[in-house]
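The structure appears below as structure tokens.
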Amino acid sequence: MRNATPLQPRSRQSRRSLAEIQRWRARRAAWFSQLDAACGFQALFDHIPAVFFFAKDREGHLMFASKGLLGRYQMRDDSEFIGRTDFDLNPGSMAQAYVEDDAKLLRGRAPAIERMELWWDRQGMPDWYLVTKLPLRDRRGRVQGIMGILRRADEHDRRLPVFQTVSRAVEIIRRDFARPITIGEVAGICGESLRQLQRRFLIAFGIGPQEFLIKTRVLAAARLLDESDLTAAEVATRCGFVDASSFTQQFKQRTGTTPARYGKRRTPTGPGPSAGREPRG
């Protein structure tokens, strides 16, 4: 069997002429000015799995979003997305964190933002994502907006120090929310006191672990109501609520409607609205 020869890039001479480099940069600028801004490079993100693109103006209004991002918010097209702000789409504590990041970029205090964020997976469950944000500048170099991408944190990312505070508790809640687990039990598994865990959740998410657990159950219940023919009592049992009455009370408090009315939103063409994002508390 013949030995395989690894492919390598062709050797090339270094460009030593500054004039040549400047000439090509000018040609690039001229070429770019002819492109349709409404159908620009952002469309490429529609074809990259598990990567979500967005862009906002200086006031925080969303101007572009990849199809994957629209899908996560249960939106058909950008007519449902354009002009909305983070506070229109996300819980207040999460939206506030996004806006504070944007402010640093808009004021030139940071060249880029790279950090972990809690977001929602395809089933509407809370999960960790990596976000990268960059400023959008005009031809004079002035910041006119923000662009960014999100991707789900992989196993390597989850070993980073940022996960050491509440990540284990989040994973336990995500895994065991359907059984009668208590926050005291979660704290014990994590080797922390109930007070310590409470403080860490408030710092990370702006809500306590008990509220995080209830909202996780409500999110899961909303998904089942959207995608199945289960009764409210059956959904309550599958999502860890003690009984149908408690389920109805908690669900209505966080979505503004009862499970029975929410289930009637379903249509033959697909799931109902807002199943993929957290109900406001």
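The values are calculated or read from the model by the stated rules, or taken from the named source; none is laboratory data. Note that the coordinates shown come from a computational prediction; the quantities given were computed from them, not determined experimentally. Ideal geometry is used to build each Cβ from the backbone, glycine not excepted, and the neighbour counts take in all protein chains shown. Surface areas here come from the heavy atoms of the whole protein model, side chains and all, with no ligands, DNA or RNA. Shrake-Rupley method; radii C 1.70, N 1.55, O 1.52, S 1.80 Å.
The set of residues in segment 212-261 being in contact (Cβ under 8 Å) with a residue 60 or more places away in the chain, touching a Lys or Arg at 6+ places or on another chain (Cβ under 9 Å) and not hydroxyl-bearing (Ser, Thr, Tyr) consists of LYS215, VAL218, LEU219, ALA220, CYS239, GLY240.
Do we find a residue being modelled with pLDDT under 80 and surrounded by fewer than 17 Cβ atoms within 10 Å (Cβ to Cβ) anywhere in segment 15-24? Checking segment 15-24: at least one residue is modelled with pLDDT under 80 and surrounded by fewer than 17 Cβ atoms within 10 Å (Cβ to Cβ).
Is it the case, given these coordinates, that ARG179 is among the charged types (D, E, K, R), at pLDDT 90 or above and not in a helix (DSSP H, G or I)? For ARG179, the condition - among the charged types (D, E, K, R), at pLDDT 90 or above and not in a helix (DSSP H, G or I) - is met. Restricting attention to segment 56-84, the residues being over 18 Å from ILE149 (Cβ atoms), open to solvent by less than 70 Å² (accessible area, probe 1.4 Å) and touching a Gly at 6+ places or on another chain (Cβ under 7 Å) number 2.
Only residues that are buried (at least 17 other Cβ atoms within 10 Å of the Cβ) and within 17 Å of the chain's Cα centre (by Cα): list them for segment 27-50, please.
PHE45, the sole residue that qualifies.
Per-residue answers, yes or no, for (1) at pLDDT 85 or above; (2) open to solvent by 20 Å² or more (accessible area, probe 1.4 Å); (3) more than 21 Å from the chain's Cα centre (by Cα):
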{"residue": "GLU192", "(1), (2), (3)": "yes, yes, yes"}
{"residue": "PHE201", "(1), (2), (3)": "no, no, no"}
{"residue": "GLN210", "(1), (2), (3)": "yes, yes, yes"}
{"residue": "ALA221", "(1), (2), (3)": "yes, no, no"}
{"residue": "GLY240", "(1), (2), (3)": "yes, no, yes"}
{"residue": "TYR262", "(1), (2), (3)": "no, no, yes"}
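Here ALA275 fits the description: modelled with pLDDT under 90, part of a loop (DSSP other than H, G, I, E, B) and within 23 Å of the chain's Cα centre (by Cα).
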